[in-house]
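The values are calculated or read from the model by the stated rules, or taken from the named source; none is laboratory data. The shown structure was predicted, so the numbers you read here are calculated from the model rather than taken from an experiment. Note that each Cβ is placed from the backbone with ideal geometry, even for glycine, and that neighbours are counted across all protein chains shown. To get the accessible areas, we keep the full protein, side chains included, count just its heavy atoms, and leave off ligands, DNA and RNA. Shrake-Rupley method; radii C 1.70, N 1.55, O 1.52, S 1.80 Å.
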Amino acid sequence: MIKNNIVLDAGTTWAKILEKETSSLMKDFKNYIIKNENGFNYYVIPSSMLKNINFRFDKATGHMSYNMLNSKNDYENEVIALINGFRKKINEDNAIILDMGSRDSKWAQFKDGKFKDLDWNSSCSSSTGATIEMLLKFYNIETKNLEFSEEKYVITCGIFGLEKIMDDIAKGINPNLAISKFVHGIAFNAWVFAKKPEKIYLSGGFCENKCFVESLSRYSQVIPLGRFLLCEGLML
């Protein structure tokens, strides 16, 4: 079997890349390595920089990856990559894995050691992660400084949430609090979307947002697995 040496999860905003150290294909992007672990380099680069990469990946997922492959056969569905990555890391007969991205969310459920159900939402979950990044940048707030808010916005998507944030800030509410209420609303929606499980394994960039994790933890036990789970599902 030919081994995959370098794989790509190309999201709307950020591209996650997993590379075996021996490949050295990403040598021009070494400043984007966020960790080196078990013989692998882990990269996070802006998806806009994919056009600067002058090679093709062994395997890829994500809607920004189609032009980064030698063959369409090297593309993997995002849910399949998520499931494969989860099963490599977690050995539980009954579990739910939830992946939260900048434009969509998806989950898969296992029961009695077998795949049971899944759902993928790319409409009312649209732009949640991207909206938060935009707001934090606009108001010059670091993610680590977002504090959990007991209050939450009742929202159906990022666009309506943005309207609520702007209205509250115009009334004098601190931007940090307004964004935290938005994050709590997203977390509540994610829990409901995943059918209100007692425990959730979490994948994606939201794993690094402590405000989101704490908000989601109000409804379910949360076990973050990081943002490279799909890449790990691609690596043979």
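Checked against the criteria, Arg56 does not count as of a type outside the set (Ser, Thr, Tyr), open to solvent by 80 Å² or more (accessible area, probe 1.4 Å) and under 20 Å from the mean Cα position of the chain (by Cα). All conditions but one from (1) part of a loop (DSSP other than H, G, I, E, B); (2) among the polar types (S, T, N, Q); (3) modelled with pLDDT of 95 or more apply to Asn41; the one that does not is (1).
Across region 47-72, the number of residues qualifying as without any contact (Cβ under 8 Å) to a residue 40 or more places away in the chain and under 17 Å from Leu230 (Cα atoms) comes to 3.
How many residues does region 44-92 hold that are assigned to a helix (DSSP H, G or I), more than 12 Å from Gly233 (Cβ to Cβ) and not basic (Lys, Arg)? Break it down into steps so the answer makes sense when it comes.
Applying the first criterion (assigned to a helix (DSSP H, G or I)) to region 44-92 yields 47-52, 66-68, 72-74, 78-89.
Then keep just the ones that are more than 12 Å from Gly233 (Cβ to Cβ); that gives 47-52, 66-68, 72-74.
With not basic (Lys, Arg) added as a condition, the list becomes 47-50, 52, 66-68, 73-74.
The total comes to 10.
Determine which member of the set Ile179, Ile186 is farther than 30 Å from Asn94 by Cβ and surrounded by 14 or more Cβ atoms within 10 Å (Cβ to Cβ). Working first, answer last.
Working: Ile186 fails: farther than 30 Å from Asn94 by Cβ.
Residue meeting the stated conditions: Ile179.
Only a single criterion out of (1) part of a loop (DSSP other than H, G, I, E, B); (2) open to solvent by 50 Å² or more (accessible area, probe 1.4 Å) is not satisfied by Lys35, namely (1). When region 1-32 is limited to residues that are open to solvent by 20 Å² or more (accessible area, probe 1.4 Å) and assigned to a strand (DSSP E or B), the one that is farthest from Asn73 (Cα to Cα) turns out to be Trp14.
Selection of helices (runs of 4 or more DSSP H) fully inside region 135-236 by the criterion of at least 1 residues being among the hydroxyl-bearing types (Ser, Thr, Tyr) and free of Cβ contacts under 8 Å to residues at least 12 places away in the same chain returns 210-217. Kindly list, by first and then second residue, each pair from a residue in region 95-117 that is without any contact (Cβ under 8 Å) to a residue 40 or more places away in the chain to a residue that is open to solvent by 50 Å² or more (accessible area, probe 1.4 Å) and among the hydrophobic types (A, V, I, L, M, F, W, C), limited to pairs with Cβ atoms under 6 Å and residues at least 6 apart or on different chains. Hits for this filter: Lys106/Trp120; Ala108/Leu118.
Looking at this structure, is Arg103 in contact with a Ser or Thr (Cβ under 6 Å, 6 or more places away or on another chain) and open to solvent by 30 Å² or more (accessible area, probe 1.4 Å)? Give the derivation first.
Values: in contact with a Ser or Thr (Cβ under 6 Å, 6 or more places away or on another chain): yes; open to solvent by 30 Å² or more (accessible area, probe 1.4 Å): yes.
So Arg103 passes the test.
Being among the β-branched types (Val, Ile, Thr), surrounded by fewer than 22 Cβ atoms within 10 Å (Cβ to Cβ) and within 13 Å of Asp99 (Cα to Cα) narrows it down to one residue among Ile200, Ile223; which is it? Talk me through it step by step, then tell me what you get.
On the way: Ile200 fails: surrounded by fewer than 22 Cβ atoms within 10 Å (Cβ to Cβ).
The conditions single out Ile223.
Residue count for region 113-153 satisfying the condition of being over 15 Å from Asn209 (Cα atoms) and basic (Lys, Arg): 3. The residue of region 118-132 that is modelled with the highest pLDDT, among those that are part of a helix (DSSP H, G or I) and touching a strand residue (DSSP E or B) at 6+ places or on another chain (Cβ under 9 Å), is Gly129. Just checking, does region 76-89 include any residue being open to solvent by less than 40 Å² (accessible area, probe 1.4 Å), over 18 Å from the mean Cα position of the chain (by Cα) and not acidic (Asp, Glu)? Checked against the condition, which is being open to solvent by less than 40 Å² (accessible area, probe 1.4 Å), over 18 Å from the mean Cα position of the chain (by Cα) and not acidic (Asp, Glu), region 76-89 yields no hits at all.
Of all residues in region 51-103, those being within 24 Å of Glu208 (Cβ to Cβ) and among the polar types (S, T, N, Q) number 4.
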